[in-house]
Amino acid sequence: MTEPSRPHPVPGPPRPGPGGAAGPVRPAGDPAPDGIAGRFAALAQRPVGEHVAVFEAEHDRLTRELGTIDQL
């Protein structure tokens with residue numbers, strides 16, 4: 001019969017990064033996420049019909065940014 005393995009520690013929640021925010025550190029020169037969060041936060045005060053334009057604009061921006069990544 002085999003010996004039971006030692007218990008392993010259970011990982012905890014992610015630790016906050018620099019500035020208190022959890023997640024990866026953004027390289028210098030990257031657009032701050034505050035502008036994006038601000039645009040999305042402002043949606044609560046706008047009619048639902050206007051939400052689509054905000055999401056489409058962000059989708060277009062992300063598509064442009066991802067298009068600059070070098071392909072292997």
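Read-outs: derived from the displayed coordinates by stated rules, not from any lab. Keep in mind the model is a prediction, meaning the values are calculated, not measured. Cβ placement follows ideal geometry from the backbone for every residue including glycine, while neighbour counts extend to all protein chains displayed.
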Using θ = phi - 60° and Karplus 6.51 cos²θ - 1.76 cosθ + 1.60, couplings along region 49-54 (whole Hz; Gly, Pro as x): x, 8, 5, 4, 4, 5
Per-residue Cβ neighbour rank within 10 angstrom, fewest leading, Ile36, Ile69: Ile69, Ile36
Residues His59, His51, His8, sorted so that the one with the fewest Cβ neighbours within 10 Å comes first: His8, His59, His51
